[in-house]
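These notes are about the structure you will find just below.
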Amino acid sequence: MKFKHHAIFNNSLDTLDWEALRNDEKESPYFLPYTLKDYLGKVDVAEPSDFTSTLIAEMKQLGLAKLFSIGCGIASQEYQIKKFSDLSVTVSDYNATVFRLKEFNIFDECMQLDAFKDKITADESYMMFFHRIDTEFDDQQLKTIFVKCHEAGIRYICFAPAELLSFKIFIAEVKTVILSFARKKPRVFCGYARSKGLFKKIWGKHYKLKQEFTAGNGFFLLESIEQ
């Protein structure tokens with residue numbers, strides 16, 4: 001099961017444009033600062049989150065020393081993983097704002113990547129990291145990414161959905177409709193919230209659910225199915 005998700009932005013966007021949001025200081029949650037000082041002021045923390053600590057521990061237990069993130073955005077979660085571990089962290093995104101992250105010299109590698117057109121330059125030595133990117137794709141697109149990961153030999157994927165489908169999602173959508181009317185701002189389609197059952201159907205031919213974690217907003221650890 002899935003449900004359409006919308007949002008309201010401060011600027012005049014009527015369709016989702018992540019590059020515009022990353023470059024717009026008025027869109028504070030999505031803005032990627034232009035200087036290292038401002039970036040650290042936005043993402044730096046004194047202690048790792050439960051999510052960070054859990055993922056780092058799980059990677060060590062699996063013997064994995066490298067993480068490859070697709071659709072990193074401002075890479076705040078990836079920053080924590082890099083800061084609080086000795087893991088190699090590669091971040092990627094499909095728009096050019098990822099090169100701003102490269103200038104900060106925090107991550108081991110930063111690259112512009114179209115997950116559908118470009119080769120995924122990771123293998124079985126990596127943990128693939130999908131952090132809150134599921135709403136960006138329709139079901140078939142998500143399936144395609146899982147197929148590409150499997151073909152690349154990637155054994156483990158940390159899949160952290162933006163939010164699983166719940167009654168709370170429906171309430172949030174009602175609030176968005178009300179705010180849109182009150183602020184005279186358009187509701188911008190931002191993808192779908194999906195149920196756990198639908199996710200399992202999407203990855204099911206190539207990956208299986210190894211373990212489910214509740215740290216942070218929760219994540220699924222997926223393991224490849226030998227074929």
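Here are a few things to note about the model shown:
- Pairs, first closer than 17 Å to residue 83 by Cα in segment 53-64, second in a loop (DSSP other than H, G, I, E, B), C-beta under 6 Å, six or more apart: 54/215; 56/85
- Residues being surrounded by 19 or more Cβ atoms within 10 Å (Cβ to Cβ) and outside any loop (DSSP other than H, G, I, E, B) - total across segment 106-134: 8
- Of residues in segment 5-51 being hydroxyl-bearing (Ser, Thr, Tyr) and without any contact (Cβ under 8 Å) to a residue 40 or more places away in the chain, the one surrounded by the most Cβ atoms within 10 Å (Cβ to Cβ): 35
- Restricting 172, 65, 75, 96 to those that are within 15 Å of the chain's Cα centre (by Cα) and among the hydrophobic types (A, V, I, L, M, F, W, C) reduces the list to 75.
- Filtering segment 65-86 to residues that are of a type outside the set (D, E, K, R), in contact with a strand residue (DSSP E or B) (Cβ under 7 Å, 6 or more places away or on another chain) and crowded, with 19+ Cβ neighbours inside 10 Å leaves 67, 68, 69, 70, 71, 72, 73, 75, 77, 81.
None of the figures in this text is laboratory data; all of them are computed from the coordinates on show. Since the structure is predicted, the reported quantities are computational estimates derived from the model, not experimental observations. In this analysis, Cβ positions are derived from the backbone assuming ideal geometry, glycine residues included, and neighbour counts consider all displayed protein chains.
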